[in-house]
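This report concerns only the one structure given below.
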Amino acid sequence: FGYFAGPAAKITTTVHGRTVEARLAKWTADQSVVIFWFDPDAVPDSNVLTPLIAYDADGKRLTK
């Protein structure tokens, strides 16, 4: 789990060549912060993650 400060509508990673999408929730104290987490069955260990990619609501990539 983690957080992203910005307008993220989708966060993904790759695990063993497969794209996995995180679940998202806005932090109630600051709506510009998105809390995210991955299903532990899809991401059994953080060591297998590739760098996260965040996208806005229009599908524009927010991270490099």
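Once amide H atoms are placed 1.01 Å from N in the peptide plane, what residues at a sequence separation of 5 or more from Leu62, or on another chain, have their amide H within under 5 Å of its amide H? For Leu62, the qualifying residues are Ala54, Tyr55, Asp56. Relative to the current alpha-carbon distance between Ala42 and Ala9, full extension at 0.36 nm per residue lengthens the span by 9.9 nm.
Share of carbon and sulfur in the accessible area of the chain stands at 53%, probe radius 1.4 Å. Here the peptides 6-18, 42-54 are ranked by packing, the mean other Cβ count within 10 Å, and the order with the highest first is 6-18, 42-54. Just to check, using Stokes-Einstein with a Kirkwood Rh over alpha carbon pairs, what's the diffusion coefficient of the chain at 4 °C and 1.567 mPa s in µm²/s? Here the translational diffusion coefficient equals 108 µm²/s.
Using a Förster distance of 22 Å, how high is the FRET efficiency between Arg18 and Lys60, based on the Cβ-Cβ distance and rounded to 0.05? Here the calculated transfer efficiency is 0.45.
The values are calculated or read from the model by the stated rules, or taken from the named source; none is laboratory data. These numbers were taken from a predicted model, which means no experiment stands behind them. Every residue, glycine as well, gets a Cβ built from its backbone with ideal geometry; the counts of neighbours run over all protein chains shown. Each accessible area value is taken on the protein alone, full model and side chains, heavy atoms only, with ligands, DNA and RNA left out. Shrake-Rupley method; radii C 1.70, N 1.55, O 1.52, S 1.80 Å.
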